[in-house]
Every structure is written in structure tokens, then in C-alpha cells.
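The values are calculated or read from the model by the stated rules, or taken from the named source; none is laboratory data. No experiment lies behind these values; they were computed from the predicted model shown. Here the Cβ is made from the backbone with ideal geometry for all residues, glycine too, and neighbour counts use every protein chain on show. We work out accessible area using only protein heavy atoms, side chains counted, and drop any ligands, DNA or RNA first. Shrake-Rupley method; radii C 1.70, N 1.55, O 1.52, S 1.80 Å.
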Amino acid sequence: MDKNSIIGFVLIACILIGFSWWSQPSAEEQRAAAQKDSIAQVEKKKEQAAQLSATKAKQKITKESIVADSNALFNKALTGTAQDIILKNKCLELTLNTKGAVVTKAYIRNKKGAKRYIGHDIADNSGKHDDMNGVTLFSGNDQQLNYTLVAKENNINTQDLYFQSSAVTDTTVTFTANAGEGKTLSLTYRLGSDYMLHLSIRANGMSGLFDPNNSYLNVTWNDKVKQQERGFNFENRYARLDYKEMDGDSHYLSEAGEKQVDTEEPISWIAYKNQFFSAVMISRDGFDKGAMLSSKAYDKVSQDGRPVRYLKDLSAKLKTKFDPTGVHASDFEFYYGPNDFYILKNVEKESRFGHELDMQRIVYLGWPLFRYINRWFTLPVFTILSNNLGLSMGIVLILITLLLKMLTYPMVKKSYMSSAKMRVLKPKLDAATSQYNKPEDQMQKQQAMMAEYAKYGVSPLSGCLPMLIQMPIWIAMFNFVPNAIQLRGESFLWMKDLSTYDPIWEWGHNIWLIGDHLSLTCILFCGAQLIYSWFTMQMQKDQMVGTSDQQQQMKMMQWMMMFMPLMFFFMFNDYSSGLNFYYFVSLIMSAFIMWMLRKTTNDEKLLAILEARYKENKANPKKMTGLAARMHALQQMQQQQMEEQRRRQQKN
């Protein structure tokens, strides 16, 4: 980069900074804007509170009128005592309450001696107060579920009813609400062998009490997704609402800000997920189109210092079929468990509904190309190395990196040899293009370069494609590692948990672009990127052939490569140590491969081979083919256009 370019970049930066400073509002304007926004927020909250208060007041009046009327539907079920019923198996412990007859707590059990399902105490980063026995997915009012039946006189909300429990075992319970003489509403639960809970809702003797034109069950499901991992911002990127259309693909609401969607097609399931765990609701008959789904993200700053922090506020208003005659029950299935690809895939086999669920799509593996790489390569290899061989997760990441380097080595070598050929041919190219030094001769200089490369059978673009092929692997791992629950709680070397960042320094408050910590693996990754960039620059500096503009662009690209580690630091300081460690190992291996290739390449022998090829081509001239021929034809066409434009300018 020459002096003028540096001065130009500095001036542009000064202008941008100066304009930003000059255009920013004054302190008075900022205070006025903040006050205006605050007033608007307060007014909005007041309006929402007023609507909620009016709704609750209406429900209260309705409830009181029903309680006062001894003949009213569900009169006896509106009063009672709330009691907890616990269902459990080796994987899951669910607490259900007789008030509302829904799950009020989901506790995912951890295997003895394992670390994958440890419940983190986010208020204490030391890990001393972590729950080694399991993870509490939600409890209390964090998650609320209500079923509404539309009767002729009044709507019936199950959250207002007290149910009687019967047939209670470790895995089954039936809740029954008395609606009157010979009339009941029952909810029967059965816990499966792992993470599946089956529910059947049935009305008995109430066929004449419901609107025959409105035989639907309205479902309202709200969930405040709790922070489970150390890094709030990092986990929040993966907390979201997913859903799948009955005969279509799965979709999700944006992870950022507020989002609301009214579905245009019936959906088979809806999932509330954080980074590594999910609560999923599946309907046998599906949920009708027009379901209202919403997501609202919480910020970290407003929750600092709290023992429990929340990532998202997710809600859904759904509608499904309901038979008031009791002949057909409304059946649902719930999944409370880990975001493990193979466990979620097996849910379809365990389900009694026979739907194509594709719940493994909850584990985000990237866009189609990257998902294909992760689905058919990364996941199987990862599973074999970790589960079948029982290797440490850090060793697994190193072995996967080594395997990927072995698979891509032929392409990397081809790319390097292409660069090496251009390096040894540089003196000849300089001599062949020395007469084209004027600005108007730059196109002819490019043509002369392409002709010279063709003489020696060298394609300057042959090394580009193999290098680009490696990029999907990097992006695929970028999508895979943060979603790999196998890394959760796993330690390696100094890293206590490969699924979150590994701080060497924390200061307790947020700093713009950096956060509240420094990650050691992020620093190592950026350092490795710097080393790799230096190796690349050393390779390229001896092959800068082309027009003066192209050489300046090449130098600028090299400087940009040197600045990339700084950019990566701000991006990846909050990312998991497992991902940063993978990139660190990958770059160190890449730098070593480049160094090894440079040391084992004999420039004199390579030049002799090219000279022999030149003589062979001279004795048996071949027509230029492939990409080189198309590039040559394009350059000739551009040259003709420039000459035609020059002649027109001379005539004028």
C-alpha cells in the first residue's frame, strides 16, 4: 500500500468520524428524544396493562357469577386446593398441578458422573452452585398453558379449574374436572420412556353445551425462555420459536427484536427452544392456519444482578379440533428435552400420530449446502469419535480438523502449486510485458500475460476454486459447533466448558464491541489468523504480476487480510471456546501445511518442468481451451471496445 493510499484511507476515516460527531444530536436533543421514547413506552405499557386489567376483570366477574350460580357449568371445579403431581422416568421429572392440570415444572435429569445436563447457576460463574443432577427447563410461572373451550354460555378456561387426580403412578395421571351432574372434562397424561409426554383431552356428557358451529379447542401457550448457559448474548442468538407446517417445511421467528407471525398453513408442532433444550407441543389433528406466534427478546443489561435471567418471551395462540361429544379425544404430545439431533429424529418413531415431524430441524445446521455437510459428514464423524470411541471432545475437534485437512489437502496443494508456478514465472512475465507501461496499454498487458501463461500450460485461476471449496467447511462448522450439545459441560485443557467462552479476564460490565470478558481461545484464534495471513502475504509478494492497478489492489487485499484478525476478535470474543479452538487448530494446521509445501517445493525443478512443457507446447501448439480461452476472448473483446472508443474520441 503506497503513501497516497494510506493518506486517502486516513482522510476518509477522519471525514466519517467527523461527520458522525457533527451529525449526532446535542445533549438536549438526546434527553428530549429519550424522554419522548420513555413516554411512548410508558403509554404503551399503560394501554397494555389497561387491556389486560379489563380482560381479567371480565374473567373475574364471569368466574364469580359461575361460583354464585350452583347450577352453572364447572361451578364446583372453580374452587379447590392446588396439589402437585410428579411424573418421572430415568430422563425426565415433570411436576403437574391440579390447578389447570398442566405441567408447571420440567426437570431434565443428568446421568450420574456426566456433565451434559448440568443446571448452571448463572449468578455464580465459579460453578460451585451448579445443579449436578439436572437442568430445570422451566418452573412456576415461566411457562403457562391454557385450553379454552367455547361453550354456549361462557368460555371455559382450564387454568381456572381445579381438577381431581386419579390413576396416579410414576408415569400416568388422569385429571378430571366436574362440570355438573354426569358432565366431566378429563386430561389424561402418560410419560414415555424418555422425553415424551402424551396427553389426551376428552369431554364427557357435554355435547349439548357447546356451540355446534365452533367445535374447536383454543390453546394459549406462553414461555419466558430462561438463560441456561454462561454467555447471555451468545445463547440468545439460538433461543427462538420454531414451527412446522403440516405438509411443508419448518420455519422459525427471527431471533432478534420483536417478531409476530400469523401462519398461512396448518402446523403440526411448535417449539420453544434455547441453545441446547426445547419444549415442543405436537397436535394429532394439527393447529389450524391463522395461528398467532410472537417472539420478544430481552436484553442483558436490564437483568444484571438477577439470579434468573430470561432470553425471550415466546407466545402462541392456537386452535385445534375438539369433539364435545367425547367420541374423539384431542390428543397432544410434548417433548421436554435436549436439542440432540438423533434424539429429536427418533421422536417421529415414538409419536403415535404418524406425522412426518422432522423435529431434528430444531438443531440448526445451516443453509442447505452447509446443512448437507453437517448432516452427512460432521454429525456421523462426531458421533463415532465421541460416543463409539469415547474420546474427549477437545480431541474430537482436533481429529475432525485433521480429517478435514487430509480430505482437502489435494485441493490445497493444487492451489499452492498454481501460486508456485506463477512465482517462478514472474521474471519471464515481467520481461514479456515490459513494453506495456502506459495506462492505455493495460489491456494489452493482460493479454500478453494470459498468452505467456498459456505457453507454459499455467492457469492463474486454477488455484482459486480449490481454496473456495474449503469455505463451506468453515461455515458448516460455524453452524455446527454452537449447536452441538455434545460439547456442553465438556472440558479440555484450560477450557472448562467447550460450549461457552473461556474468559481469562472478566470485569462485570459491558463494553461496546467487546462485552464483559476476554476469551483466551478467541485471542489464540486471532493470533493464528495473523500467522496464516503473514504466510499468505509472503507467498503472494513474489508473484505480484499484472497491471499497476492490479498490483495496488493485491497490496490492499494483503493489508485487509492483516486487519481481519482484529475484526474476528470483535465477532468471536463472545462465541464458544469449542468453535474458537477449532478455528485456531485449523489455522495452525493450514499454516504448517503451507510452510511444509514451501519447504518441499524446488523452484529450479519446477521451472525446468515448465520450460519442458513450453518446448512441448511450442513443438505441438494447442489451442487455448476452457476458462483461459474464455478469459482471453473476453479481454480481446474489451480491447476492441477500448480501441473503438479511442477512435471515436479522436474523431470528435
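Remarks
- Among 571-579, 165-173, 418-426, the order from most to least packed when residues are scored by Cβ within 10 Å on average: 571-579, 418-426, 165-173
- Dipole magnitude for the stretch 288-422: about 720 debye, using +1 per Lys or Arg Cβ and -1 per Asp or Glu Cβ, origin at the Cα centre.
- The label-point distance for Met596 and Phe478, in a model that sets each label 7 Å from Cα toward Cβ, rounds to 2.7 nm.
- Length gained on full extension, Leu606 to Tyr409: 69.0 nm, using 0.36 nm per residue less the C-alpha separation.
- Cα-centred dipole magnitude for the stretch 215-286, charges only on beta-carbon of K, R (+1) and D, E (-1), debye, nearest 20: 480 debye
- One chain, two ends: Glu616 and Ala167. Fully extended at 0.36 nm per residue, the span grows by 152.6 nm beyond their Cα-Cα distance.
- For the stretch 114-206, with +1 on Lys and Arg beta carbons and -1 on Asp and Glu, the positive-most of Asn146, Gly119, Thr184 along the dipole: Thr184
- Whether the stretch 357-456 is rounded, prolate or oblate, judged on the alpha carbon gyration tensor where a/c under 1.5 counts as rounded: prolate
- Classified by the C-alpha gyration tensor, the stretch 305-366 has an oblate form. Its axis ratio a/c, with a ≥ b ≥ c, is 1.5 or above, and a/b does not exceed b/c.
- Shape class of the stretch 146-221 from the Cα gyration tensor (axes a ≥ b ≥ c, square roots of the eigenvalues): prolate, since a/c reaches 1.5 or more and a/b is larger than b/c.
- Carbon + sulfur, % of accessible area of the stretch 240-295 - ligands and nucleic acids excluded, 1.4 Å: 38 percent
- The Cα center of the stretch 119-179 and the Cα center of the stretch 190-220 differ in position by 16 Å.
- Between the stretch 555-601 and the stretch 232-284, the alpha-carbon center distance in angstrom: 35 Å
- Euclidean distance of C-alpha centroids, the stretch 365-400 and the stretch 303-339, integer Å: 32 Å
- Using 0.36 nm per residue and subtracting the Cα-Cα separation, the extra length available between Asn387 and Gln538 on full extension is 50.1 nm.
- Take 130-136, 188-194, 609-615 and order them by the average number of nearby Cβ atoms within 10 Å per residue, most first; the result is 188-194, 130-136, 609-615.
- With all protein chains kept in place, the per residue accessible area of the stretch 309-356 amounts to 40 square angstrom at a probe of 1.4 angstrom.
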